[in-house]
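Presented below is the structure to which this report refers.
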Amino acid sequence: MNYMIQLILKRVSKTNLGTFGVLLELVADGEVPYCVTLEPVVPIIVPGKYYCTKYLSPKRGYEVYLLNNVPGHSFVEIHVGNTIKDTEGCILVGSSFAPIVGKQQVDGISMSKITFKKLMSDFDNTIELEVRRET
C-alpha cells in the first residue's frame with residue numbers, strides 16, 4: 001500500500017533558547033507523538049502544509065528531509081542537532097526535551113542522531129508536514 005505519510009508539527013513552548021515542539025504522526029485513530037523538535041526562537045516556517053522530500057544536503061553531507069516551498073526561505077531541512085545553535089533556521093528532531101551540558105547548560109533535545117535515523121528509515125521519500133500555529 002503506497003500512501004503519503006502525514007506528520008504534524010505542534011509547537012508547544014518558546015523560550016530564548018528556541019521554539020520547542022512535538023512531531024505527531026497522523027494515524028487512523030488520531031495523532032500519536034513521534035518525536036520532539038527544536039526550531040529557532042523566531043520560526044521561519046509559517047503555519048501551513050509542506051511536502052518534504054528526501055534530499056542529499058551538500059552542507060551536511062547526508063540525506064535529510066527538505067521542506068519545499070517555504071515562503072521567503074529555501075533549503076529548510078529536518079536534520080540532526082541538539083541546541084538552538086544547531087538549527088540554522090531548520091527543524092531538529094530528538095527523543096525528548098533535555099538540558100544539554102557543555103561549557104554551560106542550555107535547553108535542547110536529546111538523542112537527535114538516533115531519532116533522525118529512525119525518521120529517515122521509517123518514512124518514504126515524501127511526507128506531508130502540517131505546521132500548526134503556536135498554542
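Every number here is computed from the coordinates shown, using simple stated rules; none is lab data. Keep in mind the model is a prediction, meaning the values are calculated, not measured. We place every Cβ from the backbone using ideal geometry, glycine too, and count neighbours over all the protein chains shown.
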For the stretch 6-135: relative contact order, % (alpha-carbon pairs under 8 angstrom, 6 or more apart) = 29 percent
query = To the nearest 20 debye, what charge dipole does the chain have about its Cα centre, counting +1 at the Cβ of each Lys and Arg and -1 at the Cβ of each Asp and Glu?
reply = 380 debye
remark   = Using alpha-carbon coordinates alone, the radius of gyration and Dmax of the stretch 5-131 in Å work out to 13.6, 45
ask   = Quick one: if you stick a label point 7 Å off each Cα along the C-beta vector at Gln6 and Val41, how many nm between them?
value = 3.5 nm
key: Potential lengthening between Asn125 and Glu31 on full extension [0.36 nm per residue; Cα-Cα distance subtracted]   = 31.7 nm
Listed residue pairs exceeding 20 Å between alpha carbons, taken from Lys85/Lys118; Lys54/Lys113; Lys10/Lys49; Lys54/Lys118; Lys54/Lys117 = Lys85/Lys118
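Across the chain, where is the longest run that never hits trypsin sites (Lys or Arg not before Pro) in a DSSP loop with at most 12 other C-beta atoms within 10 Å? Walk me through the numbers before you get to the answer.
Numbers: sites that count: Lys59, Lys103, Arg133.
Longest site-free region, per DSSP loop and neighbour criteria: 1-58.
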DSSP-defined beta bridges in the chain - what % are antiparallel, rounded to 5 = 85 percent
